[in-house]
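Scroll down for the structure; my scribbles are underneath it.
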Amino acid sequence: MSESDPLAARVFAAVGAIDAASWDALAGPGNPFISHAFLTALEDSGSVGPGTGWTPVPIGIESLDGRLLAAMPAYLKGHSQGEYVFDHSWADAWHRTGHDYYPKLQIAAPFTPATGPRLLLSDGSLARPLLRAAESLCLQQGFSSAHATFIEPAQLPLFEQAGWLPRSDIQFHWTNRGYAGFDDFLDDLASRKRKALRKERAAAQAGVTIRQLQGDAIEPRHWDAFWEFYQDTGARKWGTPYLTREAFTLLGERMADRILLVLAYDGAEPIAGALNFIGPDALYGRYWGCTRDKPFLHFELCYYQAIDAAIRLGLGRVEAGAQGGHKLARGYEPVRTWSAHWIANAGFRQAVADFLEREREGIAQDQLYLGQHTPFRKG
């Protein structure tokens with residue numbers, strides 16, 4: 001497609017206002033969090049929308065006959081919560097100059113620190129028009145900035161070529177090296193670490209029954225139990241949970257085949273749970289919670305059960321969410337994640353660029369250091 005072809009940029013009222021087949025044809029089957037089903041579940045449940053600080057403004061590029069050729073999941077943000085790429089210091093600095101940092105434009109899967117495509121393209125040449133449309137929206141509406149978070153590495157050059165500023169951070173991912181079972185993974189660890197993990201699993205599993213549920217096996221009663229767990233964790237971490245109860249019902253209805261729910265029972269009573277999403281080559285750990293503390297149960301449900309499931313499903317990796325240096329000792333290795341940022345004001349942009357250059361050097365050093373302290377056998 002050439003840039004001379006007639007195109008029209010459009011801002012939609014919601015992802016739900018876009019035909020599901022047209023959106024998913026661009027999104028592809030790879031990442032569950034940019035699927036029409038996931039994003040509309042957030043909209044229809046009230047998890048994003050009025051009163052949340054996340055107003056859907058997906059941007060599309062259409063042909064003159066109305067065909068959707070490119071799109072991005074975008075949100076008008078009134079705060080910096082639920083993003084996992086922290087720009088609070090930028091907001092404070094811009095406010096101190098007498099300017100408003102919010103609203104800003106966020107290109108992301110809400111509340112989801114999982115790497116994936118942010119530019120949904122039928123043709124690579126449409127990346128620049130799509131990013132220009134985002135920049136134009138910011139300029140027309142007086143937004144301070146636009147931020148695309150957890151970009152898959154292959155798309156980062158598209159943002160850089162458009163002049164967006166790259167930013168990196170570190171997550172911890174587990175890699176499946178062709179293991180036939182959990183014991184094969186343990187065999188790759190140093191002896192002391194291997195013994196420690198076995199002790200943790202034994203302690204976590206003592207006196208409880210753990211069940212992995214997928215698809216039709218996930219019933220409303222299971223979502224009721226998980227909602228209790230999620231509320232407890234959400235209240236402690238964020239003050240108010242991001243997702244509504246209805247979100248879990250809709251996710252179960254619309255994409256149960258891409259969900260793995262792990263529950264721990266004390267007798268007939270569920271006491272803890274972890275929610276995962278299944279991609280073609282990755283298991284994505286998202287939420288965890290409990291109503292009763294038990295040593296190492298968090299590690300068992302979120303990390304070890306995820307490894308078990310990834311091996312069983314033939315998946316190449318487990319992405320266990322943001323932060324968490326404790327994952328390193330449990331076989332999850334440091335991996336770079338990427339975001340890209342467009343700043344409207346030239347002076348502010350240069351200040352952010354200088355900050356990011358220094359930050360990237362520190363992140364690279366951190367990754368090198370962490371990579372030298374994995375639990376795997378050396379040599």
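Let a ≥ b ≥ c be the square roots of the eigenvalues of the Cα gyration tensor of segment 213-281; is it rounded (a/c under 1.5), or, if not, prolate (a/b larger than b/c) or oblate?
Here segment 213-281 falls in the oblate category.
With viscosity set to 1.002 mPa s and temperature to 20 °C, compute the Stokes-Einstein D of segment 30-173, Rh being the Kirkwood radius across alpha carbon pairs; µm²/s, no decimals.
135
Seen through its C-alpha gyration tensor, with square-root eigenvalues sorted a ≥ b ≥ c, the chain comes out prolate because a/c lies at 1.5 or above while a/b is bigger than b/c. Heavy atoms of the protein chains alone define the surface here; on that basis segment 1-154 has 37 Å² accessible area per residue at 1.4 Å probe size. For segment 26-69, the Cα-based Rg and Dmax, in that order, read 12.7, 35 Å.
Remark on Ile170: its backbone amide H falls under 5 Å from those of Thr337, a criterion applied only to residues 5 or more positions apart or on other chains, H modelled at 1.01 Å from N. Comparing Ala93, Ala309, Ala109 in a Gaussian network model of the chain (Cα springs below 10 Å), the most mobile by mean-square fluctuation is Ala93.
Order Phe296, Phe226 by their accessible area, 1.4 angstrom probe, all chains in place, largest first.
Greatest to least solvent exposure: Phe296, Phe226.
For the chain, complete DSSP H runs whose alpha carbons reach 24 Å or more along their own long axis and whose mean Kyte-Doolittle score is -1.0 or higher are 346-371. In the chain, the portion of solvent-accessible area held by carbon and sulfur atoms comes to 51 percent [1.4 Å probe, whole percent, DNA, RNA and ligands not counted].
Quick check: from the Cα gyration tensor, does segment 140-256 come out rounded (a/c under 1.5), prolate or oblate? Display every interim value, and only then the final one.
Numbers: a/c = 2.18, a/b = 1.28, b/c = 1.71.
Cα axes put segment 140-256 in the oblate bin.
Between Ala8 and Leu328, the contour length at 0.36 nm per residue exceeds the alpha carbon distance by 110.5 nm.
Helix-only arithmetic for the chain: the sum of -39500 (n - 2.57) across DSSP H runs with n ≥ 4, divided by the residue total, places the mean residue ellipticity at 222 nm at -11000 deg cm²/dmol.
Taking label positions 7 Å along the Cα-Cβ direction at both Glu357 and Glu152, the computed distance is 3.2 nm, reported to one decimal.
Once all protein chains are placed together, Ser125 keeps about 40 Å² accessible to a 1.4 angstrom probe. In terms of accessible area, using a 1.4 Å probe and ignoring ligands and nucleic acids, Val208, Val262 rank largest first as Val208, Val262.
If the chain linking Asp216 and His88 were pulled fully straight, counting 0.36 nm for each residue of separation and taking away their Cα-Cα distance, it would gain 41.9 nm.
For segment 246-328, GluC sites (Glu not before Pro) meeting the loop criterion (DSSP other than H, G, I, E, B) and having at most 11 other Cβ atoms within 10 Å: none. The distance between label points at Thr175 and Arg349 comes to 3.7 nm (points 7 Å beyond Cα on the Cα→Cβ vector).
Think of a 1.4 Å ball rolled over the protein heavy atoms: segment 267-361 then has 37 Å² of accessible area per residue.
Each residue was assigned an accessible area with a 1.4 Å probe, and for Thr249 the value is about 40 Å².
Of His341, His326, His173, which is the most mobile in a GNM of the chain whose springs link Cα atoms less than 10 angstrom apart? So, out of His341, His326, His173, the one fluctuating most is His326. Couplings 3J(HN,Hα) for segment 107-113, derived from phi with the Karplus relation 6.51 cos²θ - 1.76 cosθ + 1.60 (θ = phi - 60°), are 9, 6, 8, x, 6, 9, x Hz, where x marks Gly and Pro.
Considering only Ala70, Ala310, Ala13, the mean-square fluctuation computed in a Gaussian network model of the chain, springs between alpha carbons under 10 angstrom, is largest for Ala13.
The values are calculated or read from the model by the stated rules, or taken from the named source; none is laboratory data. What you see is a predicted model, and the numbers here were worked out from it, not measured in a lab. With ideal geometry, Cβ positions are generated from the backbone for all residues, glycine too; neighbour counts draw on all protein chains shown. We work out accessible area using only protein heavy atoms, side chains counted, and drop any ligands, DNA or RNA first. Shrake-Rupley method; radii C 1.70, N 1.55, O 1.52, S 1.80 Å.
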